Amino acid sequence: ETENRDATLLARQPPIMPSTARRSGDCILSVAISPQGRVSRILETDCTEDRFKEASIESVKAYRYLPKLVNGVPREGLDDDLLVTFQLADSRGQILPAKERT
């Protein structure tokens, strides 16, 4: 039997809220995953605000995956719809909404 699968996320590292954040936000990233299950390259980012980009990248670099398998052999894979969210609350505990994505 031949084993094939896409890369599968195993472990996430929570992002650190940027000190300059004044509201919630998010980033959608596209990353390459090595045959060893580590993020090898950040290919693309799309953030609601630029201030979330660096924290998202740092968080995602620590993610771990089951690597993509082709005929049972680990290969480089892709996770092209990876969402990293940041939720900031006000002094009453209410989540401050994110800026609309344009």
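List of remarks:
- Solvent-accessible area of Lys61 with every protein chain in place, 1.4 Å probe, in Å² to the nearest 10: 110 Å²
- Sparsely packed GluC sites (Glu not before Pro) within segment 35-102, loop by DSSP, other Cβ within 10 Å at most 11: Glu100
- Taking the accessible area of the chain, probe 1.4 Å, and keeping the other protein chains in place, the carbon and sulfur fraction comes to 45%.
- Treating each Cα of segment 40-102 as an identical point scatterer and summing with the Debye formula, the log10 of I(q)/I(0) at q = 0.14 Å⁻¹ comes to -0.57.
- Semi-axes of the equivalent ellipsoid for segment 1-91, computed as √(5λ) from the eigenvalues of its C-alpha gyration tensor and ordered from largest down, come to 30, 11, 10 Å.
- Over the chain, relative contact order from alpha-carbon pairs under 8 Å, at least 6 apart, %: 41 percent
- Alpha-carbon Rg/Rh ratio, for segment 1-51, with Rh computed the Kirkwood way: 1.10
- Solvent exposure of the chain amounts to 65 Å² per residue of accessible area, where only protein heavy atoms count and the probe is 1.4 Å.
- 25 °C / 0.890 mPa s Stokes-Einstein diffusion coefficient of segment 24-63, Kirkwood radius on C-alpha pairs, µm²/s: 236 µm²/s
The values are calculated or read from the model by the stated rules, or taken from the named source; none is laboratory data. Quick caveat: nothing in here was measured; it's all calculated off a predicted structure. For neighbour counting, all protein chains shown are included, and Cβ atoms are generated from backbone atoms with ideal geometry for every residue, glycine included. Just so you know, the surface numbers come from the protein's heavy atoms only, side chains and all, with ligands and any DNA or RNA stripped out. Shrake-Rupley method; radii C 1.70, N 1.55, O 1.52, S 1.80 Å.
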